[in-house]
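Written below as structure tokens is the structure these notes are about.
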Amino acid sequence: QVQLVESGGGLVQAGGSLRLSCAASGRAFSSYVMGWFRQAPGKEREFVAAILWSGGSTYYADSVKGRFTISRDNAKNTVYLQMNSLKPEDTAVYYCAADLHGSEVWYEYDYWGQGTQVTVSS
């Protein structure tokens, strides 16, 4: 079992930055692929980024490539999402997720946080 708690969301102007954190509790955090997903009102949950167990491999949605960076600190059981050059279309609830295998498909993840709201004003 893994419990996930996100933090760091808020309101920011377009062009600004935010860093989201996801603190995990439970055993074997380093065994899990960690992903970030987001869901805007009226839209499906979509993949943002994922990072493999050791942190050596990362994956991004095309819409955030070059602006967002995912990282993890296995010693602190925490995964981060650094978001730069934010756009109004990045506005959504951002969720952290964990899975032993991981993918870009949200329903393949077993564990989820409660979400944190990110609002980007124009």
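The values are calculated or read from the model by the stated rules, or taken from the named source; none is laboratory data. Keep in mind it's a predicted model, so treat the numbers as computed, not measured. When we count neighbours, we look across all protein chains shown, and the Cβ atoms used for this are built from the backbone with ideal geometry, even at glycine. These area figures cover heavy atoms from the full protein model, side chains too; ligands, DNA and RNA do not enter into them. Shrake-Rupley method; radii C 1.70, N 1.55, O 1.52, S 1.80 Å.
Listing for the model above:
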| read-out | value |
| --- | --- |
| The stretch 110-122 - phi-based ³J(HN,Hα) in whole Hz, Karplus 6.51/-1.76/1.60, Gly and Pro as x | 8, 10, 9, x, 7, x, 9, 7, 10, 10, 10, 8, 8 |
| Mean separation of Cα contacts under 8 Å (6+ apart) over length of the chain, as relative contact order % | 36 |
| GNM flexibility winner over the chain from 102, 66, 55 (Cα, springs under 10 Å) | 66 |
| Cα-based Rg / Dmax (Å) for the stretch 32-89 | 12.0, 37 |
| Loop GluC sites (Glu not before Pro), the stretch 20-122 (other Cβ atoms within 10 Å of the site Cβ: 11 or fewer; DSSP) | 44 |
| Sulfur and carbon atoms: percent of accessible area, the chain [1.4 Å] | 48 |
| Dipole magnitude (debye, nearest 20) for the chain, charges at Cβ of Lys, Arg, Asp, Glu | 320 |
| Mean accessible surface per residue for the chain, computed with a 1.4 Å probe while every protein chain stays in place, in Å² | 51 |
| Relative contact order (%) - the stretch 63-106, alpha-carbon pairs under 8 angstrom, separation at least six | 27 |
| Dipole moment magnitude, nearest 20 debye, the stretch 42-89 about Cα centre, only Lys, Arg, Asp, Glu C-beta charged | 100 |
